[in-house]
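A short write-up of the structure that comes next.
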Amino acid sequence: MMVRQGKTLSAAESCTGGLLAHTLTNISGSSMFFRLGIVAYDNAAKTHLLKVPAKILAAHGAVSAQVAQLMAKNVRKIIKTSLGIGVTGIAGPTGGTKAKPVGLTYIAVTDGKKSLCKEFMFTGNRLSIKKKTLAATLRLVYNILIP
């Protein structure tokens, strides 16, 4: 679908640790649409590479809709792709709090005109949460591509 529509894609991942980029690059010919994958696991990477303002991270936390949206928007700008993806969440088993429990994930996809950002609450172990995040991300990309 990406190739048929002449679209390109870049992704900024946090909790998935590169699983999206790994999955996409396992597709023969993915270089026709996949341009860049950044694993911005640390907040410093989010601020320095993806230009997410420190004040946004401080106000909302790394796991937030605001950060996912900025990750998607800014990774798209870095290499000027048609679509940008931002993924941030808590894969566990540690790192969760009452306010932001393990499994909380935000996924944003933007084409520069239309943006989707969804909150998810996944369950399971770390790998399961990462795989569920991957599947949800691919569904959002599909949804933004449908005219």
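Rg and Dmax in Å for the chain, alpha carbons only: what are they?
In Å, with Rg to one decimal and Dmax whole: 14.2, 44.
When Thr97, Thr105 are ordered from fewest to most other Cβ atoms inside 10 Å of their Cβ, what list results?
Sorted ascending by nearby Cβ count, the order is Thr97, Thr105.
For Ile107, what charge total do you get from the other residues with a beta carbon under 13 Å from its beta carbon, if Lys and Arg give +1 and Asp and Glu give -1?
Every neighbour counted, the sum reads +2.
Return the whole-Å distance between the Cα centroid of the range 63-85 and the Cα centroid of the range 112-147.
Distance between centres, Cα-based: 14 Å.
Would you tally the net charge around Ser30, using a Cβ to Cβ cut-off of less than 15 Å, leaving Ser30 out, and scoring K and R as +1, D and E as -1?
Local net charge: +3.
If you rank Ser30, Ser64, Ser14 by fewest surrounding Cβ atoms within 10 Å, what's the result?
Ranked by crowding around the Cβ, least crowded first: Ser30, Ser64, Ser14.
Which is farthest toward the positive dipole end of the range 2-145 among Leu83, Thr105, Leu134, measuring Cα position about the Cα centre, with Cβ charges +1 (Lys, Arg) and -1 (Asp, Glu)?
Leu83
Sorting Cys15, Cys117 on the 10 Å Cβ count, fewest up front, what's the list?
By the 10 Å Cβ count, ascending, the order reads Cys117, Cys15.
Give, as ranges by residue number, the residues of the range 16-30 whose backbone N falls under 17 Å from the point 7 Å along Cα→Cβ of Ile79.
Under cut-off, by backbone N: 17-30.
Relative to the present Cα-Cα distance, how much length would full extension add between Glu119 and Val3 at 0.36 nm per residue of separation?
Net length gain for the segment: 39.0 nm.
On a full-extension model of 0.36 nm per residue, what is the gain between Ala65 and Ile27, subtracting their alpha-carbon distance, rounded to one decimal in nm?
The span from Ala65 to Ile27 would gain 10.8 nm if fully extended.
Against the longest alpha carbon principal axis of the chain, how many degrees, from 0 to 90 and to the nearest 10, is the axis of helix 65-79 turned?
The angle comes out near 40 degrees.
Counting DSSP beta bridges in the chain, what percent are antiparallel, to the nearest 5?
Beta bridges within the chain, antiparallel portion: roughly 55 percent.
Charges only on Cβ, +1 for Lys and Arg, -1 for Asp and Glu: so what's the dipole of the range 2-145 about the Cα centre, in debye to the nearest 20?
It works out to roughly 280 debye.
Throughout, read-outs are computed from the coordinates displayed, never taken from laboratory work. All values reported here derive from a predicted model rather than from experimental measurement. Glycine also receives a Cβ, built like all others from the backbone with ideal geometry; neighbour counts cover every protein chain displayed.
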